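As structure tokens, the structure follows; a few thoughts come after it.
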Amino acid sequence: MRHLSFSGEEIIETIRMVRTEQLDIRTITVGISLFDCVSDDTDALCRNVHGKITRIARDLRKVSGELAGEFGIPIVNNRIAVTPISLIAGKANHDGLLKLAMTLDRAASELKVDFIGGFSAHVEKGMTGIDTALIAALPRALATTERVCASVNVGTTRAGLNMDAIAEMGRIVKAAAAETATRDSIGCAKLVVFCNAVEDNPFMAGAFHGASEADCVVNVGVSGPGVVLRALKAAGEADFGELTEIIRRTAFKITRAGELVGRAAADRLGIPFGIVDLSLAPTPAEGDSVARILEEIGLERVGTHGSTAALALLNDAVKKGGAMASSYVGGLSGAFIPLSEDRGMIEAAEMGAITIDKLEAMTSVCSVGLDMIAIPGDTPAETISAIIADEAAIGMINKKTTAVRLIPAVGKKVGDSVDFGGLLGRAPVIPVNPHASTRFIKRGGRIPAPLQALIN
């Protein structure tokens, strides 16, 4: 660990956070470039892709297990992110793209990693033929694979919003739900629609290995809502300045622990270290909840008035603490508010304390967006597209990443629920606005880039 020196006090503090406050390394994600796998022949392309992934990441599980044992820190997931497939698929047709998805899934299965991300396209300014084909293949690809995750970037601050792509993604999300209807429409849980997607995000379902990244890299995602919650409980009735300082100091410690593990993993895998992403990513476990943090700040229930301000404070303090701890903070780094993965959010949704409109408002100040939200299965595709457009507009105007992961659960209505188990959790089906957005979505074209884009 020549890059970092840790004091005995820091090590003891880390052990305490692990044992009593649910600190974990949420993921070690190996990013792999597939540009040198390109071939005009789909079979050769699949062979090249499989060969490179299984060669680069062959020791990921072994190293992860060793580090978890030696440092005593749980490493929850091991993941792989690859170059967006639309950039390397060449002239592959629908069947060829499905074969590529199956190849990714087979490699992930052989390596025993949890997920592989990068069945992706970037279409913020327009769609090529291969982009169109990949998006059309998404529902089937997600239904026929277990570990493959997908994303589509439909807007950026520099390019504006591709409303044709957004209209199409409403239909694709519906189709993905239908293809996996017998499994609570789980295909949608593996599909993210982004604005301003980042290239080094280690978290799924939106991870991919960006075109500007090195040949391969180790990125680490570290979490710890329980650590922050415990620190705030101990603070009592401190004012906002003191709360901010407590969160910042806690984020500093968590980030240091994450970089320690990330650099150790990189050394043993013989792969350069990339970034550490400190994101407060909740789980359904009691006490591992971002909602509970917001309630500890002073809200009776998350979703009530004041929730957006409390989340803004939390997100900003996490970023400041992380930036002080490491020069290689990247990815999304902040606070996630996925509904199905956070026990406090689930309870608030079930009692009507939080709505999709309040969640949208909160996404203007947190890391990502409308995440893991189950909505009625008969929600029109145009309504889903309009929700995506609203969320993407927040990202475009504010020069930040936003994302949408909606689950229009087939056959389910408000009051029902979907249950995916594990980290994906359980989500009550919540209502959307019943008034139509059909005419708005049918206009098509592109919403131009905002004035903020004219920076040169």
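In this rough spin-label picture, where each label sits 7 Å from Cα along the Cβ direction, the Arg55-Thr355 distance is 5.6 nm.
When Rg and the Kirkwood Rh are both derived from Cα coordinates, the Rg/Rh ratio for region 197-265 amounts to 1.11.
Less than 5 angstrom separates the built amide H of Val222 from those of Arg26, Asp277, Leu278, Ser279, all sequence-distant by 5 or more or on a different chain.
Tell me the per residue accessible area of the chain using a 1.4 Å probe; a whole number in Å² is fine. Could you put the intermediate results ahead of the total?
Numbers: 17460 Å² over 456 residues.
Accessible area per residue: 38 Å².
Counting protein heavy atoms only, the chain has 52 percent of its accessible area on carbon and sulfur, 1.4 angstrom probe. Here the Karplus relation 6.51 cos²θ - 1.76 cosθ + 1.60, evaluated at θ = phi - 60°, turns the backbone of region 138-147 into coupling constants of 4, x, 5, 4, 6, 6, 9, 10, 9, 10 Hz, with x for every Gly and Pro. From its DSSP helices (H runs of at least four residues, each -39,500 (n - 2.57)), the chain gives a residue-normalised ellipticity at 222 nm of -14000 deg cm²/dmol. Taking 0.36 nm per residue of sequence separation and removing the Cα-Cα distance, the Ser212/Ala436 pair yields an extension gain of 76.6 nm. Note on the chain: the C-alpha convex hull projects to 20.5 nm² when averaged across all orientations. Remark: region 307-318, residue by residue, has Karplus-estimated 3J(HN,Hα) of 5, 5, 5, 5, 5, 4, 4, 4, 4, 5, 5, 4 Hz, where x stands for each Gly or Pro and the curve is 6.51 cos²θ - 1.76 cosθ + 1.60 at θ = phi - 60°. When you work out D = kT/(6 pi eta Rh) for region 250-403 at 25 °C and 0.890 mPa s, using the Kirkwood radius from C-alpha pairs as Rh and the Stokes-Einstein form, the result is 148 µm²/s. Here is the P(r) of region 382-456: all C-alpha pair distances, binned every 5 Å from 0, give 3, 12, 17, 18, 17, 14, 9, 6, 3, 1, 0 in whole percents. When the C-alpha to C-alpha distance is required to be over 19 Å, the pairs from Lys99/Lys174; Lys319/Lys358; Lys174/Lys413; Lys52/Lys112 that qualify are Lys99/Lys174; Lys319/Lys358. Dimensions of region 151-216 along the principal axes, based on C-alpha atoms and rounded to the nearest Å, stand at 40, 29, 14, largest first. For region 105-249, the Kirkwood hydrodynamic radius from C-alpha pairs, put into Stokes-Einstein at 20 °C and a viscosity of 1.002 mPa s, yields a diffusion coefficient of 122 µm² per second. Charge dipole (Cα centre; +1 on Lys/Arg Cβ, -1 on Asp/Glu Cβ; no other charges) of the chain amounts to roughly 620 debye.
Taking GluC sites (Glu not before Pro) as exposed when DSSP calls them loop and at most 13 other C-beta atoms lie within 10 angstrom, the chain has its longest site-free stretch at 301-456.
The values are calculated or read from the model by the stated rules, or taken from the named source; none is laboratory data. This structure is a prediction, so every number in the text was calculated from the model and none was measured. Cβ sites come from the backbone with ideal geometry, for glycine too, and all protein chains shown count toward neighbours. The accessibility values were calculated without ligands, DNA or RNA, using every heavy atom of the protein model including side chains. Shrake-Rupley method; radii C 1.70, N 1.55, O 1.52, S 1.80 Å.
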